[in-house]
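The values are calculated or read from the model by the stated rules, or taken from the named source; none is laboratory data. It should be emphasised that the depicted structure is a prediction, and the values quoted were computed from it without experimental measurement. Cβ sites come from the backbone with ideal geometry, for glycine too, and all protein chains shown count toward neighbours.
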Amino acid sequence: MTEAFIYDAVRTPRGKGKKDGSLHQVTPIHLVANLLWALQARNGNLDTSLVDDLVLGCVTPVGEQGADLARVAVLYADWAQSVAGVTQSRFCASGLESVNIAAQKIGSGFEDLVVAGGVESMSRWAMGSDGGAWAMDPRVNQMTGFAPQGIGADTIATLEGFSRTDVDTFALHSQQKAAKARAEGRFAKSLIPVKDLNGMVVLDHDEFIRGDATLEGLAQLKPSFEQMGQMGFDATVLRKYTTLEKINHVHHAGNSSGIVDGAALMLIGNKKIGRKLGLKPRARIVQTAVMGSEPTIMLTGIGPASKKALKRAGMSEGNIDLFEINEAFAAVVMRAQRDLDIDPAKVNVNGGSIAMGHPLGATGCAILGTLLDELERQDKQTGLASLCVGAGMGIATIIERV
Amino acid sequence: MSAVQYNKDADGIVTLILDMPGRSMNVLNEELTGPFSDAIAKIEADASVTGVIITSGKKEFLAGADIDKVYKMTDPAEAFEMAEAYKAFLRRLEKCGRPVVAALNGTALGGGLELALACHYRVAIDDPKAKFGLPEVKLGLLPGGGGTQRLPRLMGIQPALPLMLEGKELKAAQARQQGIIHELATDKEDMLAKARAWIAANPKPVQPWDDKKFKWPGGDSKSPANAQLWAIAPSMASAKSYGNYPAVTNIMSCVFEGGITDFDTGCRVESRYFANCVVSQVSKNMIGSLWFQLNGINKGSSRPQGFERSTVKKLGILGAGMMGAGIAYVSAKVGIECVLLDTTQDAADKGKAYSANLLDKDMKKGRQTQAGKDELLARIKATTSYDDLKGCDLIIEAVFEDRGIKADVTRKAEAQLEKTAVFASNTSTLPITGLAEASERPKNFIGLHFFSPVDKMPLVEIIVGKKTSKETLARGFDYVQQIRKTPIVVNDSRGFYTSRCFGTYPMEGLTLLAEGQHPRAIEMAGLQAGMPVGPLAVQDEVSLSLSMHIIEQTRKDYAAEGKTVAEHPGVAVTEKMVKQLDRPGKKAGKGFYDYPAGAPKHLWAGLAEAFPLAEQQLPQQEMIDRLLYAQANEAAKCHEEGVVETVADTNIGSIFGWGFAPFQGGALQFINAVGLENFVKRSKQLEKKYGARFKPAKLLVKMAKEGKRFE
């Protein structure tokens, strides 16, 4: 198999995903184009005609974010017409799925150079506004036991015995770590300010982080999923998790991933193309894995997918120096740490989606980039990025610095 | 005579009168749709017809489809074609180019309302007895005549869904308020006049869904508000149905998909889901029991023939506790004069106050008037004097379950009665034949076993003692029907039928607990099986201490006969809960559950220590099987022993008496549906694994061998 290398990683700052968020002014295609231009510029005025494909993740592909945004972004960014583009969705894992697809394209030897990543303007196209059989079609919904993710996260907390204070404490740490990382400029290597068509900067920093968060403040927030749980979703969970008598609703806006806008991209290729372009590989993509898990609780796929990746790579948890586990909800990461039996000090050392937000289609690619930056900063070797995924899935990618 | 009379008047208005010969009610079948279709063809061909009024020559308009035919269908293609044919016919009607008015002189349910919905205008007589709705779901079916398409397009998805999912029946005024009926009329003449007036004013009406500018009220299935509804509606439905009712899912699918497609495609989709319901085991179960068998019971299939129908005019009730008070209420409600007797005036008054409370609640909901309340209460005399029982044609004894006390009140009451009066005991445990020994007239002595709360529970178990006469049984039967409850007839034996079988349900739950199964998982298995309450919760309601009392009484009875009881393994749990752990049940605020004031009950944390979890936790289905098989096998034994003689009484008694899963169609129908051979095979497996109580009834083994089923 051909080895796949990461040559570069870039991301936009994450803007608050509301109408007062800075990136609400910017079209999603423009977010992608900004990064395509940056990639081109950062890599010796890259000859884009050497790029085979642009693989983009986008979870809510509707409206101006809809159809095959990747191909149109290639054209909009004025990259070579020969670059193809594909947009896919593996729900919240889409950004990492793009990277994995790129690695597989390279690994198979079918292609040489691929740009992979994702985008989501959650402020413009609300999560769920693309419908889908799972939530919308009552027959499918009933047969599979659909419940919103927050209900699943609360179920994890109930099963694991995580109290409200436990999950709030986790959230507080995420905020503190992210604020420190931002203050120390740890994100600077990959962070590309978003500029408008005049070249004026729209946003140059992650604007969702709240470094001044306190445990007392978090304790004030109302549980987000209690009401809908009582309307019927709790009952759906309780029919599957038969030892539970009720769900303890502990998650809220402060300990769940934030709704933000953003994009992320990576340049991935084989060794030969790097040599040809005079680029230095930063890391090798060692292994990718996806797998399904129980859909009603939905968010427990991280452990199994990570183990699958490790096993196939002939590695174990102990071989991994740093982990990035997407902070969809506090309980998800806490459970994953237990499942994998790993030291929390190795996980999300610069905070995560609770502090910075989770631009659905982009996050997977963004956290892998953050992981690579941090491995380089600490001069460590191996990292694993993983996300829980809608409808009950998990995804994992293992990288190793070269 | 044709089932559809065709009358054209001078104004060119055709009145079609549905009046099927030889039937008291119109039903939808070929006998009706044949001539109806001819009439439509005639209208289509006659340009001088200016409008059409459809009404009925019967008391009711049209009560729905011919269930007999649907019940027999096993080929989905046949069911599909039937639904398609009916809809094609309704489509012709609403597109015939002339105004069509449904003049609803009475009840229009199911296919009857679907016919009305295919008319351009609906006028109904404001008769409080008339009912309007799409109740198909109650028989495991769905409205297959376009109801799932027209109703949501008429009133909106959100309000239409519950009407079909719950099969709600509306009164004329409610249907008018919800926009299902356009106009109310005072009587037949007024109704027809209003129909004519509307025809005159609307010569070219178009159904909303055929209007090019049609917009869904409240949006179609794609609208954001309805997208949210569709996300949670299945969870809300399953929270009640536990996914056991395919019709519920199918109705949602019809409405959802119809909210995306055009009207005609939606209709076709509906036919597919309809066919799926028709051939489903659940609809066969429900139609078989809750339609045919229940109707048979209500027509008196278990009532001895040759005795004139009797009515009770004056009823004496001995004991004004919860049961006595409830019996007084339901009897006074149908106009029976009641004497409610207890040992103190206070106790008797308290029993009467029970009725006052219920009436107050009804008044608050606008279902009762002050005058109605006063009238009903005036029929109940609370007393301590046996003299007041003079002239009673029926006495129901509802005193403490103690033979001595019962014998005493029996003698005292009989002293006041005419020789023809019937004496009934509401005992739930003591054999009637034994109690009748205290009576001077054991032929007139019978058991009438009510269920609590009496005003809500639809069943009365009639217990026939050794000496009870047929006439007494007939009179007991008539009384139960007089108070609008369903009677089943049972022969005398310990626990009779319902108590004996019901007990197997909580006892199996208790056994599972003793085996170390998770208490919550046990409760969930009961609910998933289709029981209304989990086995531990229901045992708390019944009270563990009461069960213990009965267990000890039984032990004594057996000991007196020199025998020992082969006790159910669940008995040990009852004993431990009552005697060691001081958890006597809900009344005491502590049983398997804790009952904190002002908060929902929750399982007692001490269960974890008292009944530690086994390493091996059973799959839910294994527990569901055990809970259902235990009940069904006991019911089969009762049937075999002649405790309950008819299949109908056995099935209906199980559903109405102790809440056996309605979608299974009752305890014996459950066995039918599993298949006799499979049931016997599985029972033997369960017997081997869990004990002799699962040994299949001999009758079942015999029937399985002979390839028979309960008919």
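Below is a table of values for the structure above.
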{"item": "Every pair of residues 6+ apart whose Cβ atoms lie under 8 Å, when the first sits in segment B:38-54 and is in contact (Cβ under 8 Å) with a residue 24 or more places away in the chain and in a helix (DSSP H, G or I) while the second is buried (at least 21 other Cβ atoms within 10 Å of the Cβ) and not hydrophobic (A, V, I, L, M, F, W, C)", "result": "B:Ile43/B:Arg98"}
{"item": "Residues located in segment B:532-557, provided they are under 24 Å from B:Asp594 (Cα atoms) and among the acidic types (Asp, Glu)", "result": "B:Asp540, B:Glu541"}
{"item": "Residue list for segment B:514-541, filter: over 22 Å from the mean Cα position of the chain (by Cα) and more than 14 Å from chain A (Cβ to nearest Cβ)", "result": "B:Ala514, B:Glu515, B:Gln539, B:Asp540"}
{"item": "Single residue of segment A:91-128 satisfying the filter (buried (at least 22 other Cβ atoms within 10 Å of the Cβ) and among the β-branched types (Val, Ile, Thr)) that is nearest to the other protein chains (Cβ to nearest Cβ)", "result": "A:Val119"}
{"item": "Segments classed as helices (runs of 4 or more DSSP H), wholly inside segment B:460-568, with at least 1 members that are within 21 Å of B:Pro662 (Cα to Cα)", "result": "B:498-514, B:519-529, B:535-542"}
{"item": "All positions within segment B:98-108 that are under 18 Å from B:Leu184 (Cβ atoms) and not in a loop (DSSP other than H, G, I, E, B)", "result": "B:Val101, B:Ala102, B:Ala103, B:Leu104, B:Ala108"}
{"item": "Single unsatisfied condition, B:Val278 versus (1) buried (at least 22 other Cβ atoms within 10 Å of the Cβ); (2) within 30 Å of B:Ala118 (Cα to Cα); (3) within 14 Å of chain A (Cβ to nearest Cβ)", "result": "(3)"}
{"item": "Residue in segment A:319-369 that is surrounded by the fewest Cβ atoms within 10 Å (Cβ to Cβ), counting only those that are among the polar types (S, T, N, Q) and assigned to a loop (DSSP other than H, G, I, E, B)", "result": "A:Asn350"}
{"item": "Candidates B:Gly300, B:Gly259, B:Gly296, B:Gly266, filtered to the one that is more than 14 Å from chain A (Cβ to nearest Cβ) and surrounded by 18 or more Cβ atoms within 10 Å (Cβ to Cβ)", "result": "B:Gly266"}
{"item": "Residue that is more than 25 Å from B:Ala692 (Cβ to Cβ) and either without any contact (Cβ under 8 Å) to a residue 12 or more places away in the chain or of a type outside the set (Ser, Thr, Tyr) (or both), where the choices are B:Leu536, B:Leu527, B:Leu512, B:Leu544", "result": "B:Leu527"}
{"item": "Residue count, segment A:129-163 (criterion: more than 14 Å from chain B (Cβ to nearest Cβ), assigned to a helix (DSSP H, G or I) and either surrounded by fewer than 19 Cβ atoms within 10 Å (Cβ to Cβ) or under 21 Å from the mean Cα position of the chain (by Cα) (or both))", "result": "4"}
{"item": "Search result, residues across segment A:370-395 that are touching a Gly at 6+ places or on another chain (Cβ under 9 Å) and assigned to a strand (DSSP E or B)", "result": "A:Ala385, A:Ser386, A:Leu387, A:Cys388, A:Val389, A:Met393, A:Gly394, A:Ile395"}
{"item": "Yes/no for A:Pro193 being at pLDDT 95 or above, more than 14 Å from chain B (Cβ to nearest Cβ), more than 18 Å from the chain's Cα centre (by Cα) and surrounded by fewer than 23 Cβ atoms within 10 Å (Cβ to Cβ)", "result": "yes"}
{"item": "Residue match in segment B:576-594 (condition: free of Cβ contacts under 8 Å to residues at least 40 places away in the same chain, within 14 Å of chain A (Cβ to nearest Cβ) and either over 28 Å from B:Thr429 (Cα atoms) or not in a helix (DSSP H, G or I) (or both))", "result": "yes"}
{"item": "Identity of the residue in segment A:202-246, polar (S, T, N, Q) and not in a loop (DSSP other than H, G, I, E, B), that ends up farthest from the other protein chains (Cβ to nearest Cβ)", "result": "A:Gln220"}
{"item": "In segment B:118-146, the residues that are aliphatic (A, V, I, L, M), in a loop (DSSP other than H, G, I, E, B) and touching a strand residue (DSSP E or B) at 6+ places or on another chain (Cβ under 9 Å)", "result": "B:Ala118, B:Ala130, B:Leu134, B:Leu141"}
{"item": "Residue match in segment B:476-488 (condition: within 20 Å of the chain's Cα centre (by Cα), within 26 Å of B:Pro535 (Cα to Cα) and of a type in the set (A, V, I, L, M))", "result": "yes"}
{"item": "Flag if A:Gly292 is surrounded by fewer than 22 Cβ atoms within 10 Å (Cβ to Cβ) and small (Gly, Ala, Ser)", "result": "yes"}
{"item": "Within segment B:600-631, tally of residues that are free of Cβ contacts under 8 Å to residues at least 60 places away in the same chain, assigned to a helix (DSSP H, G or I) and away from chain A (no Cβ under 14 Å)", "result": "2"}
{"item": "Wholly enclosed helices (runs of 4 or more DSSP H) of segment B:268-371 bearing at least 3 residues over 30 Å from B:Tyr386 (Cβ atoms)", "result": "B:281-286, B:294-298, B:345-364"}
{"item": "Failed condition for B:Ala83, given (1) closer than 18 Å to B:Tyr6 by Cα; (2) touching a Phe, Trp or Tyr at 6+ places or on another chain (Cβ under 6 Å)", "result": "(1)"}
{"item": "The one condition in (1) in contact (Cβ under 8 Å) with a residue 40 or more places away in the chain; (2) of a type in the set (A, V, I, L, M); (3) part of a helix (DSSP H, G or I); (4) surrounded by fewer than 22 Cβ atoms within 10 Å (Cβ to Cβ) that B:Leu93 fails to fulfil", "result": "(4)"}
{"item": "Criterion violated by B:Asn678 - all others in (1) in contact (Cβ under 8 Å) with a residue 24 or more places away in the chain; (2) closer than 27 Å to B:Leu294 by Cα; (3) exposed (fewer than 14 other Cβ atoms within 10 Å of the Cβ) satisfied", "result": "(1)"}
{"item": "Residue in segment B:378-406 that is modelled with the highest pLDDT, counting only those that are over 31 Å from the mean Cα position of the chain (by Cα), in a helix (DSSP H, G or I) and of a type in the set (A, V, I, L, M)", "result": "B:Leu389"}
{"item": "Any chance B:Glu640 is without any contact (Cβ under 8 Å) to a residue 24 or more places away in the chain and acidic (Asp, Glu)", "result": "no"}
{"item": "Residues located in segment B:693-708, provided they are assigned to a helix (DSSP H, G or I) and either among the acidic types (Asp, Glu) or free of Cβ contacts under 8 Å to residues at least 40 places away in the same chain (or both)", "result": "B:Val701, B:Lys702, B:Met703, B:Ala704, B:Lys705, B:Glu706"}
{"item": "Total residues in segment B:207-224, condition more than 8 Å from chain A (Cβ to nearest Cβ) and free of Cβ contacts under 8 Å to residues at least 12 places away in the same chain", "result": "5"}
